[in-house]
1. Out of every Cα-Cα pair in the chain, what percent are more than 15 Å apart?
2. Which one, Ser70, Ser50, Ser62, has the greatest fluctuation when you compute a Gaussian network model over the chain with C-alpha springs under 10 angstrom?
3. Using a simple charge model, +1 on the beta-carbon of Lys and Arg, -1 on the beta-carbon of Asp and Glu, nothing else, what dipole does the chain show about its Cα centre, in debye to the nearest 20?
4. I'd like the antiparallel share, as a percent to the nearest 5, of DSSP beta bridges with both residues in the chain.
5. Tell me the carbon and sulfur percent of the accessible area for the range 1-74, rounded to whole percent, probe radius 1.4 Å.
6. Which of rounded, prolate, oblate describes the range 65-111, given a ≥ b ≥ c as roots of the alpha-carbon gyration tensor eigenvalues and a/c under 1.5 marking rounded, otherwise prolate only if a/b is larger than b/c?
7. By average Cβ neighbour count within 10 Å, what is the ranking of 40-46, 94-100, 1-7 from highest down?
Amino acid sequence: QVQLVESGGGLVQAGGSLRLSCAASGIIFSLSTLGWYRQTPGKQRELVASITRDGSANYADSVKGRFTISRDNAKNTVYLQMNSLKAEDTAVYYCKVNLRWGQGTQVTVSS
């Protein structure tokens, strides 16, 4: 069974940092497409960052320069380092591995 376990969310003040982790099992992680998405009430889920199996990353314009996605194939884990957080970054963040979704983790940024 494919399982994705997210961690690292929480409450942080504007300008602060958080690192989200998503640990996967039941898949060949090194061959997987990885991404982080976020969703707030009343809005569609949006892509925040993605990374290919060869390490090529791309980002939404709203987070470019502040967020970094990375992968550790030895640990079957994808990370999202979030710096210089803004109130508008508040959302539930979901990791995605191939077509599988994590359970989501809440990130709340206070002004």
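1. Across the chain, Cα pairs with separations above 15 Å total 59 percent.
2. Result: Ser62 has the largest fluctuation of those listed.
3. Details: 12 positive and 7 negative charges, 16 e Å.
That gives the chain a dipole magnitude of about 80 debye.
4. Antiparallel bridges: around 90 percent, rounded to the nearest 5.
5. Values: 1990 of 4210 Å².
Carbon plus sulfur share of accessible area: 47 percent.
6. Oblate is the answer for the range 65-111, as a/c is 1.5 or above yet b/c matches or exceeds a/b.
7. Top of the packing list down: 94-100, 1-7, 40-46.
The values are calculated or read from the model by the stated rules, or taken from the named source; none is laboratory data. Just so you know, these numbers come straight off a predicted model, no measurement behind them. Note that we place each Cβ from the backbone using ideal geometry, even for glycine, and neighbour counts take in every protein chain shown. For the accessible areas, the whole protein counts, side chains as well, though only heavy atoms, and no ligand, DNA or RNA atoms are used. Shrake-Rupley method; radii C 1.70, N 1.55, O 1.52, S 1.80 Å.
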